[in-house]
Amino acid sequence: MLTYNYKARDMQTGKVISSTVQAESESAAAKLISKEGLAPVDIKLQGGDGSGLLSNFTNRVRTKDKVLFSRQLSTLINAGLPLAQALRTVAEQARSKQLKLIVNQVIADVEAGRPLSEAFSRHPDTFDNVFISLIAAGETSGTLDQALLRIANQQEKDADIKSKIRGAMVYPAIVLVVITGVIIFMMTTVLPQVEILYNDLNKSLPWYTAGLMFVSRILIRFWYLFIISFFVGIYFLVRYGKTEAGRSTYDSLKLNTPLFGKLFRKMYMARFSRTGQTLMSTGVQMLETLKITSKAVNNVHVEQNIIKASEKVKGGKALSDGLKDQPYIESLVPQMIAIGEKSGGIDEMMGKTADYYEKELDAQIKALSTTIEPVLMVVLAAVAAFMVAAILLPVYGLVGQSLAL
């Protein structure tokens, strides 16, 4: 049973009341409310109607939980359990409350006669197009258990790639935070002491130290404005990233940023090839596969390249020819697909392409860690040298003058 929050109008008094009701589905909840002599105004699943950033974060189902769900459901279906019973068993074992809530809704839809793929499609925030298409293909071919296993493997590999990319960016982020912290500490604590020393001796600060001191005064006096500006800036950057222009800009930066650009390109090629292989091996048609993979890569520029290739395929060209001249598609991808087209095993060659780029990604991440460390150390040393020059050189100058006297 699911719990629904509802608002309904009393047919006799006309008053609007709010309460909860337990039912198998939203339509069943509406029927129960009507039996009480009430006219439903609004019905929402309890816990499933949150809004805002915090709610979106807390209601998100982790990839780890979805992988476990797919594997367990595959095993139970393969063992011969009826679909609704298999779903109910998996729901009982689910550790995620949000996933359990969603699976219970899926069970209600399945028992009402909806196909499993349609039931999953009603929860797009949890189950993406790749997941739903594979389930639909599995239902059509009678290989739902195998489709679920492919989904789990696909999700695991994609999560592994994301984890490696994030791991490669952690070290630079930590170093940048440390550099910023050192600069703020020196400018707000050490630099004012130098100014006091110069004032006591009736001396003028060197121009470069005076410039830093001006910034220091602003930082000390209006520190709260800097903090507010920082969070407001992040808020607008996030909002801008959700617009079409913002997403295009951020995705372009990912593809063209020095050091990280090649990393992201290989990640997108691995994701495109792995998703394509998974879909085609399940029996999804070529054009539908390209439509889904274009969204799955999660980069608008790579997506546009795949869509253009799809249009060429629709016009009668081979997929390898369609991908060949696209700027953000690595040259190896159409070459490998061309071999698959000749041998009749495009899905197999896409799998090998994905394996290649996943290995390349591992090597690139290791190389990036080795390359970026000395670069960051040089930046850190340069910042430290500038701060030391601005703070200690004036002090040494005063000491030299005192000794000369």
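Quick note: the coordinates plus some simple rules give every number you see, no bench work behind them. Note that the structure is predicted; figures quoted are calculated from it, not measured. All Cβ positions, glycine included, derive from the backbone under ideal geometry; neighbour counts span all protein chains shown.
Rounded, prolate or oblate: which fits the range 73-159 when a ≥ b ≥ c are the square roots of the eigenvalues of the alpha-carbon gyration tensor, with rounded for a/c under 1.5 and prolate only if a/b beats b/c?
Verdict is rounded for the range 73-159.
Using the crude model of +1 on Lys and Arg Cβ and -1 on Asp and Glu Cβ, and no other charge, please compute the dipole size for the range 2-46 relative to its Cα centre, in debye to 20.
With only Lys, Arg, Asp and Glu charged at Cβ, the dipole is about 120 debye.
How much length is gained on full extension from Ala389 to Glu36, taking 0.36 nm per residue of separation minus their Cα-Cα distance?
Using 0.36 nm per residue and subtracting the Cα-Cα distance, I get 119.1 nm.
Run the quick spin-label model on Lys7 and Arg62: label points 7 Å from Cα toward the beta carbon, then report their separation in nm to one decimal.
3.6 nm
Among Pro115, Asn5, Ile307, which residue has its Cα furthest toward the positive end of the charge dipole of the chain, with +1 on Lys/Arg Cβ and -1 on Asp/Glu Cβ?
Result: Asn5, furthest along the dipole toward the positive end.
Two decimals is fine: what is log10 I(q)/I(0) at q = 0.12, 0.13, 0.14 Å⁻¹ for the chain, from a Debye sum with one equal scatterer on every Cα and no solvent?
-1.07, -1.16, -1.26
Which whole-Hz couplings ³J(HN,Hα) result when phi for each residue of the range 220-231 is put into the Karplus expression 6.51 cos²θ - 1.76 cosθ + 1.60, θ = phi - 60°, listed in order with x for Gly and Pro?
Couplings: 5, 6, 10, 4, 5, 5, 5, 5, 4, 4, 4, 6 Hz.
Relative to the present Cα-Cα distance, how much length would full extension add between Lys162 and Met286 at 0.36 nm per residue of separation?
Working it through step by step, the gained length comes to 42.0 nm.
I'd like the trypsin sites (Lys or Arg not before Pro) in the range 226-286 restricted to DSSP loop residues with at most 13 other Cβ atoms within 10 Å, sorted by number.
Lys242
Kirkwood hydrodynamic radius for the range 112-214: how many Å is it when counted over pairs of different Cα atoms?
The Cα-based Kirkwood calculation yields 19.3 Å.
Hey, any idea what the orientation-averaged projected area of the convex hull of the range 211-273's Cα atoms comes to, in nm²?
Mean orientational projected area (the range 211-273, Cα hull): 6.6 nm².
How big is the charge dipole of the chain about its Cα centre, in debye rounded to the nearest 20, if each Lys and Arg gets +1 on its Cβ and each Asp and Glu gets -1 on its Cβ?
400 debye
Which whole number in µm²/s is D for the range 2-46 by Stokes-Einstein, with the Kirkwood Rh taken over Cα pairs at 25 °C and 0.890 mPa s?
The diffusion coefficient I find is 243 µm²/s.
For the range 175-189, what does the Karplus curve 6.51 cos²θ - 1.76 cosθ + 1.60, with θ = phi - 60°, yield as ³J(HN,Hα) per residue in whole Hz, taken in order and with x for Gly and Pro?
Each residue of the range 175-189 in turn: 4, 5, 5, 5, 4, 4, x, 5, 4, 5, 4, 5, 6, 9, 10 Hz.
Tabulate in residue order the Karplus-calculated ³J(HN,Hα) for the range 236-242, using 6.51 cos²θ - 1.76 cosθ + 1.60 with θ = phi - 60°, rounded to whole Hz; enter x for Gly and Pro.
So the J values, rounded to whole Hz, are 6, 5, 5, 4, 5, x, 8.
Would you mind calculating the gained length between Tyr235 and Asp200 on full extension (0.36 nm times residue separation, minus the Cα-Cα distance), in nm to one decimal?
Length gained between Tyr235 and Asp200: 8.1 nm.
Largest first and to the nearest Å, give the Cα extent of the range 69-124 along each principal axis.
26, 25, 15
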